[in-house]
Amino acid sequence: MHAFDDEARELTQQVVDYAVRRLAMDPPTLDGPRPQAELEALVPQTITEEGIGGEAALRLFEDVLAPACITIDHPAYLSFIPAAPTQAASAFDLVVSASSIYGGSWLEGAGAVYAENQVLHWLAREAGLPEGAGGTFAQGGTVGNLSALVTARFVARHYRTEAGRPIPDRWAVVCSAEAHSSITAAAAVMDVDVIRVPVGESGKLTGEAIEAAVSDWDSVFAIVATGGTTNFGIVDDLASIADVAQGHDVWLHVDGAYGLAGMLSPEHRHLYEGIERVDSFIVDPHKWLFAPFDACALVYRQPQQARAAHTQHAEYLDLIYDSPEWNPSDYAVNLTRRARGLPLWFSLATHGVSAYRDAIAHGIETAHAFADVVRTRDFVSLVREPELSVVVLERHGWNAADYDLWAREHLEAGRAFLFPSSHQGRPVMRFAVVNPRSSLELMTELLDSMEKER
Ligand SMILES: *Cc1c(COP(=O)(O)O)cnc(C)c1O
């Protein structure tokens, strides 16, 4: 199994050929899920004592299993937050896999860690954080948010203990009512409370709203602002929130898993004013930075605080981790890690930052142009004015079942993956633009297919 003999060479070639075929699809087919029973009929037991052989397994993957997975980088995949890796990033993911790099420590992965850090330092500079800021690429936004909040609580506990101030019975984190579900999930893991601040019609959390909603600051260890909400693409008012965080001496984290990439567009940078004052932020390369699954860039203003909170200690680890070098595992809730920042590094190095600025700005412009089209159609209306690249609309006269039926018809026909969301208890349709191949024409065609009565 481990010798690179003729058989291994042949199979490797077949696997690489498949990867090239998949990457060359333009556009790829949308595909979709199949019921368990159908998959059982088409793919009988593949795990056997003798094995079925690589060629047969690859054929089953190409013919049955892969087509039973929705193609997230299809131009008409407009639900949730799409992914649209660049060719360079996807190709380099193969290299990361082939290279057996341990990305947790400098000792083992210095070259990879060095390259990943160039990307993290670039993101920190774009945000306006000072020299010395840094972090790691964690698995995803959920783990990134959790890791940042664990650091925040560690720091709060440490400083209060040092200052002789009481430690609260229950800690709490403050966020917007429209913050991502992963904040609640992180709070549950940490066994802390969540104070959700109402945001009103605009969807934008402000410092004022936080001051009005929070009375007991003793329990609060962090505020999480959202740099682009998932449902609407709205960036919270970071500057006024930073004032409040500073005034109450609590940690400020920005969850920019989807939307912080928008700060790379010079025309939209003003939406992120205040980002330079945060203690930590995340942004997911697998969302709007065009990298393959899965990666979250997690950046701290003062990484040594994260290191104090996260470094694991054991006889077998301390030799490596008690070192002055940069060990990525010290900055998140993980130890072994794939060097998952490398595909983004390679693609950025290949194309340059300005290609990214253009592609992100193009997504925002396409979404806003689409909103203009929506305004001209009398069967729909916008639920809110778009800010980044998410457009949310209501089809007049439709209930949840109507949206669902329309969505399923499009999926089954291989035309689009667009599923309804909801806002204030009402079903709505979201068009999330990340993929540069999601054209205004395509989106308009899909919109107009909603005109027909159900
Ligand atoms: C997607 C998203 C997350 C979660 O990120 P994962 O990578 O899916 O874990 C968190 N916050 C926001 C705002 C998101 O859009």
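Only the coordinates and a few stated rules stand behind these numbers; no lab work does. No experiment lies behind these values; they were computed from the predicted model shown. With ideal geometry, Cβ positions are generated from the backbone for all residues, glycine too; neighbour counts draw on all protein chains shown.
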* Structure fact -> Here, the chain modelled as identical Cα point scatterers in vacuum has Debye log10 I(q)/I(0) at q = 0.06, 0.12, 0.13, 0.14 Å⁻¹ of -0.29, -1.11, -1.25, -1.37
* If you place +1 on the Cβ of every Lys and Arg, -1 on the Cβ of every Asp and Glu, and leave all else neutral, what size is the dipole of the range 406-454 about its Cα centre, to the nearest 20 Debye? -> 240 debye
* Working from the alpha-carbon coordinates of the range 1-139, get Rg over Rh, Rh being the Kirkwood radius. => 1.05
* Estimated distance in nm for a label pair at Glu208 and Tyr316, the labels positioned 7 Å out from Cα along Cα-to-Cβ -> 5.7 nm
* Asked: So, in Å, what gap is there between the alpha-carbon centers of the range 61-118 and the range 261-282?
  -> 25 Å
* Asked: Counting other C-beta atoms within 10 Å, which of Tyr258, Tyr114 has the fewest, and how do the rest follow?
  -> Tyr114, Tyr258
* Structure fact -> Compactness check, the range 356-398: C-alpha Rg relative to the 2.2 N^0.38 Å globular estimate gives 1.26
* To do: Mind giving me the FRET efficiency for Asp218 and Lys452? R0 is 56 Å, r the Cβ-Cβ distance, nearest 0.05 is fine.
  => 0.50
* Would you mind estimating how fast the range 263-397 diffuses translationally, via Stokes-Einstein at 10 °C and 1.306 mPa s with the Kirkwood radius over Cα pairs, in µm²/s? => 87 µm²/s
* To do: Per residue of the range 412-419, in order, report the coupling 6.51 cos²θ - 1.76 cosθ + 1.60 (Karplus, θ = phi - 60°) as ³J(HN,Hα) in whole Hz, putting x for Gly and Pro.
  => 5, 7, x, 8, 7, 10, 9, 10
* Set Lys and Arg Cβ to +1 and Asp and Glu Cβ to -1, take the dipole of the chain about its Cα centre, and tell me which of Ala213, Phe232, Val189 lies farthest positive. => Ala213
* What Kirkwood hydrodynamic radius do you get for the range 157-214 when you take the inverse of the mean 1/r over all pairs of distinct Cα atoms, in Å? -> 12.9 Å
* Let me know the Kirkwood hydrodynamic radius for the range 107-236, please, with Cα pairs as the basis and the value in Å to one decimal. => 16.5 Å
* Å³ per residue enclosed by the Cα convex hull of the range 3-64 -> 89 Å³
* Structure fact -> If every Lys and Arg gets +1 and every Asp and Glu gets -1 at its Cβ, then about the Cα centre the range 223-334 yields a dipole, in debye to the nearest 20, of 240 debye
* **Estimated 222 nm signal from helices in the chain, with DSSP H stretches of n ≥ 4 weighted -39500 (n - 2.57), rounded to 500** => -13000 deg cm²/dmol
* Asked: In what order do Glu273, Glu108 fall by count of nearby beta-carbon atoms within 10 Å, going from fewest to most?
  -> Glu108, Glu273
* Taking the alpha-carbon centroid of each part, what is the distance from the range 393-413 to the range 287-346 in angstrom? -> 42 Å
* Farthest toward positive dipole pole in the range 246-345 [+1 Lys/Arg, -1 Asp/Glu at C-beta], among Tyr321, Leu342, His253 -> Leu342
* Structure fact -> In nanometres, the difference between 0.36 nm per residue of separation and the alpha-carbon distance of Gln13 and Asp402 is 135.3 nm
* Test item: Cα-centred dipole of the chain, Lys/Arg +1 and Asp/Glu -1 on Cβ, debye -> 620 debye
* Asked: Using the count of nearby Cβ atoms within 10 Å as a rough guide to exposure, how do Ile47, Ile101 rank from fewest to most?
  -> Ile47, Ile101
* Say each of Ser381 and Ala41 gets a label point 7 Å from the Cα, pointing the same way as Cα to Cβ; how far apart are those two points in nm? -> 4.8 nm
* Just subtract the alpha-carbon distance of Arg160 and Val95 from 0.36 nm times their residue separation and send over the number in nm, one decimal. => 18.8 nm
* Structure fact -> Of the residues Ala8, Ala127, Ile47, the Cα lying farthest along the dipole of the chain towards its positive end, which is defined by charges on the beta carbon of Lys, Arg, Asp and Glu, belongs to Ala127
